[in-house]
1. Could you tally the net charge around Lys16, taking each other residue with its Cβ under 15 Å from the Cβ of Lys16, Lys/Arg +1 and Asp/Glu -1?
2. Percent relative contact order of the range 31-105, based on C-alpha pairs within less than 8 angstrom and at least six residues apart?
3. Given points 7 Å out from each Cα along the Cα-Cβ axis, report the Thr51 to Gln109 separation in nanometres with one decimal.
4. For the range 82-184, with equal point scatterers placed on the C-alpha atoms only and solvent neglected, what are the log10 I(q)/I(0) values from the Debye formula at q = 0.13, 0.15, 0.19 1/Å, to two decimals?
5. Mind jotting down a quarter of the surface of the convex hull over the alpha carbons of the range 90-142, in square nanometres, one decimal?
6. Take each of the peptides 176-182, 111-117, average the number of other beta-carbon atoms within 10 Å over its residues, and list them starting from the highest.
7. Explain nothing, just the number: relative contact order of the range 18-144, from Cα pairs under 8 Å at least 6 residues apart, as a whole percent.
8. With every atom except the alpha carbons ignored, what do you get for Rg and Dmax of the chain, in angstroms?
Amino acid sequence: MALVAGVLPDFDIYFKPFIQHHTYSHSLVVLLPICAVLIVRFKGLGLAFSTGILSHLVADSFVGTIPPLYPLSDFQLGMSLGLPSPADTALEIGAFGLVLALASLNGDQKLVTKPHRESVYLAIPMVSIVTLTLLFAGDNNIPLAAFAFSRKALTLITLGHAALIGILGLGVFQGIRAFIADNRRPLKDSSGPPAQQ
Ligand SMILES: [Zn+2]
């Protein structure tokens, strides 16, 4: 949930003719009330979603700026450390490392190491990240393959993204494995006494 929410603000790219990129979906005036409602209504899931969506704004304001008061004001807030830049690389690699550490601490790593039905949901962040990247590169005429390895900082980020997509892809594979295994289970399993679930 947090992974999907983390890329969600940039989904405004999909609505390009109607909404300008980096406006409503990067505004605290718009997002804070939504996050508050989601946390009150959905508790933990709402908190995961809000953490993801607000982390996008924090990260964007490190490497660039965000319009926190849009549409009330065009005021831009941020440190503009640059994209790509060493700060951006440190931020991305650091966040990736943090997610890996958290996943191994809370047991989420089992979603990619063992067959689990829930793992198919990892297809959502995987498809989000891949399509957003392709769409953004297409819109801005960026030759991805040449750009990805053009600088040291970018090479690290590219490798990190490849690893992330590999992990998410492995998760989707484990999810599909779990579904196939469940379908193959002999009938007597399901006709026995009701399982404690
Ligand atoms: Zn953004």
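1. Value of the local net charge: -3.
2. 18
3. Using points 7 Å along Cα→Cβ, the separation is 1.8 nm.
4. -0.57, -0.72, -1.00
5. 4.7
6. In descending order of packing, they fall as 111-117, 176-182.
7. 16
8. Radius of gyration, then largest Cα-Cα span, for the chain: 19.7, 65 Å.
Read-outs throughout are calculated quantities, based only on the coordinates presented, and are distinct from any laboratory measurement. These numbers come from a predicted model, not from an experiment. Glycine gets a Cβ as well: all are built from the backbone with ideal geometry, and neighbour counts include every protein chain shown.
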